[in-house]
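Here is the structure we will look at, set down as structure tokens.
The values are calculated or read from the model by the stated rules, or taken from the named source; none is laboratory data. Being a predicted model, the structure only gives us computed values, none of them experimental. Please note: Cβ atoms are built from the backbone with ideal geometry, for glycine as well, and neighbour counts cover all protein chains shown.
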Amino acid sequence: MSLRSASDWLSAPVDNGSLVAFRVVFGLLIFLESAGSIATGWVTNVYVAPDYTFPHIGFGWLRPLPGDWMYAYYATMALPGALVMVGAYYRTAMGVFTVMWTLIYLGQTTSYNNHYYLLVLLCVLMWMVPANRDLSWDVESGRVRRSTLCPRWCVLIFVALIAIVYFYAALAKLSADWLAARPMEIWMRAKAGYPVLGPLYVQPWFKWVLVYGGVLFDGLVVPLLLWRRTRWIGVGLSVFFHLFNSYTFRIGIFPYMGIAFCFFFFPGEEMRAGLKRTRIGRFLGDYVAPSAAVAEGPPFAGARAVFLTVFLIVQALLPLRHFLYPGDSNWTEEGHRMAWRMMLRSKSGSVVMRVVDLESGESWRVHPRDMLSPKQARRVATRPDMLWRFSRYVRERYEREGREVAVYADTRVSLNGRRSQPLVDSSVDLSRAPWNWLWPHPWLVPLREEAERS
């Protein structure tokens, strides 16, 4: 197929029912994510209470708004979510939320989750597609002309991203620790007190169901959804899998986003017919065969085609970068983020910072819990980038008092039930060690491969 014919095929009109349905659910979920972060105390615990947040390295200039202004930030971010849901001022609302959420993602790593990165990617794509051409206030108010069609790429770009996410999630689970149920056994033991399912979680056989069921689901759900004969099997498994994760692991809106991904695997006209049978169906346009009209929306050509092609290539390559580093990425965290390496490790540990006055030679110890929130202190002990950032934070605090110090870290960390061992070289002044973007950090201590249980 030539580039010209590929562009024409991707630009060809298809029913936009699936895209429109996803927009409604997507808007609702990002509204709930924003408003719920205030209601559940997440904003308080992550931004308001701590004296210091841990932005992504390279984005140290990002700081939380002072006082209670972070509550106002999240309340403001909820508004475009609601507007996206009803399709009002869609492009502006989607653009505002994309910028605000991306700043949230870059501004802290204490509560880092692959799902937060996925939401950044989805926001960029949702801003690019004409998802407000039907079932929207923009149409009902006359701001946008109704269309029941969109270019094919507007749907397939989401299918491609979803396939990448699930493929690498399955590939990452083909690791020794996961297949030995080491992290799963730790998590299930900790959830024995859950109502209803708690006794099931600690059954010896149940962890194996979750381990191999997780691999099979991640590896098979996209093929099942792509084939018409097995599509409803894929939907059923997706609903069961994500609802189980929502109840068991309490991971916010993302299980429901995973269920909504199924929309993109149904032909738009089938989604439209289904929506027509609901109460909101009266706001939908009638089905128009793609051959009877011209697609509404941008073609797959020019700068847009280049951007989306590069976008998918980057997403396909980023998860492979951990192979460039020696050792276990679950231990070193090098190449771990933005790689769909989800639910692979249970890490616990402790760290004490040894501070040495370079002029007098005096030394003393600093415990992270004395400067950080409890959650931050736990993360600092096991996340090398946060530990590196914290060592610089400690040095900068003493420098403001006029003291030149070196900062060393004494660590003991356990990965997936192994005996605890040092994570970083305690003889290295971590506060002056350079951060390497493209090559391994020499101050990381390799993991001892034997899986000795503590």
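Quick notes on this structure:
- Scanning segment 1-24 for residues that are out of contact with any strand residue (DSSP E or B) (no Cβ under 6 Å at 6 or more places or on another chain), surrounded by 18 or more Cβ atoms within 10 Å (Cβ to Cβ) and not in a helix (DSSP H, G or I) turns up V14, D15.
- If the condition is being touching a residue at least 40 places away in the same chain (Cβ under 8 Å) and part of a loop (DSSP other than H, G, I, E, B), then segment 173-220 contributes K173, L174, S175, A180, K191, Y194, L197.
- Filter pass, E269 being buried (at least 16 other Cβ atoms within 10 Å of the Cβ), on the phi > 0 side of the Ramachandran plot and either free of Cβ contacts under 8 Å to residues at least 40 places away in the same chain or of a type outside the set (F, W, Y) (or both): no
- Just one residue in the set R228, R189 is of a type in the set (K, R) and either over 28 Å from V288 (Cα atoms) or surrounded by 14 or more Cβ atoms within 10 Å (Cβ to Cβ) (or both); that residue is R189.
- Restricting the first member to segment 294-307 and to residues that are farther than 12 Å from A12 by Cβ and not assigned by TED's automatic domain parsing to the domain that holds A12, and the second to residues that are part of a loop (DSSP other than H, G, I, E, B) and at pLDDT below 90, no beta-carbon pair is closer than 6 Å while six or more apart or on different chains.
- Scanning segment 322-341 for residues that are loosely packed, with under 12 Cβ neighbours inside 10 Å and not in a helix (DSSP H, G or I) yields a single hit, P326.
- Those residues of segment 373-394 which are assigned to a loop (DSSP other than H, G, I, E, B) and modelled with pLDDT of 95 or more, in sequence order: R383
- Annotation note: of G213, G219, G198, G258, the sole residue that is surrounded by fewer than 20 Cβ atoms within 10 Å (Cβ to Cβ), small (G, A, S) and within 28 Å of G36 (Cα to Cα) is G198.
- You will find that of R341, R345, the residue that is over 22 Å from D425 (Cα atoms) and out of contact with any Lys or Arg (no Cβ under 8 Å at 6 or more places or on another chain) is R341 and no other.
- Search result, residues across segment 221-267 that are within 28 Å of S111 (Cα to Cα) and outside any helix (DSSP H, G or I): R250, I251, G252, I253
- Wholly within segment 25-142, helices (runs of 4 or more DSSP H) carrying at least 2 residues that are touching a strand residue (DSSP E or B) at 6+ places or on another chain (Cβ under 7 Å) and farther than 28 Å from I162 by Cβ: none
- The condition (being of a type in the set (V, I, T) and either surrounded by fewer than 16 Cβ atoms within 10 Å (Cβ to Cβ) or touching a Lys or Arg at 6+ places or on another chain (Cβ under 9 Å) (or both)) is satisfied by just one residue among V155, V46: V46.
- Only residues that are touching a helix residue (DSSP H, G or I) at 6+ places or on another chain (Cβ under 7 Å) and either closer than 16 Å to R23 by Cβ or among the hydrophobic types (A, V, I, L, M, F, W, C) (or both) were counted across segment 96-121, and they come to 9.
- Tabulated pairs, segment 101-115, first without any contact (Cβ under 8 Å) to a residue 60 or more places away in the chain, second part of a helix (DSSP H, G or I), C-beta under 8 angstrom, 6+ apart or interchain: T102/V120; T102/C123; I104/M77; I104/Y116; Y105/Y116; Y105/Y117; Y105/L119; Y105/V120
Table: residues versus (1) over 22 Å from Q108 (Cβ atoms); (2) among the aliphatic types (A, V, I, L, M); (3) assigned to a loop (DSSP other than H, G, I, E, B); (4) within 29 Å of the chain's Cα centre (by Cα).
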residue: F300; (1), (2), (3), (4): yes, no, yes, yes
residue: T309; (1), (2), (3), (4): yes, no, no, yes
residue: Q315; (1), (2), (3), (4): yes, no, no, yes
residue: L320; (1), (2), (3), (4): yes, yes, no, yes
residue: M353; (1), (2), (3), (4): no, yes, no, no
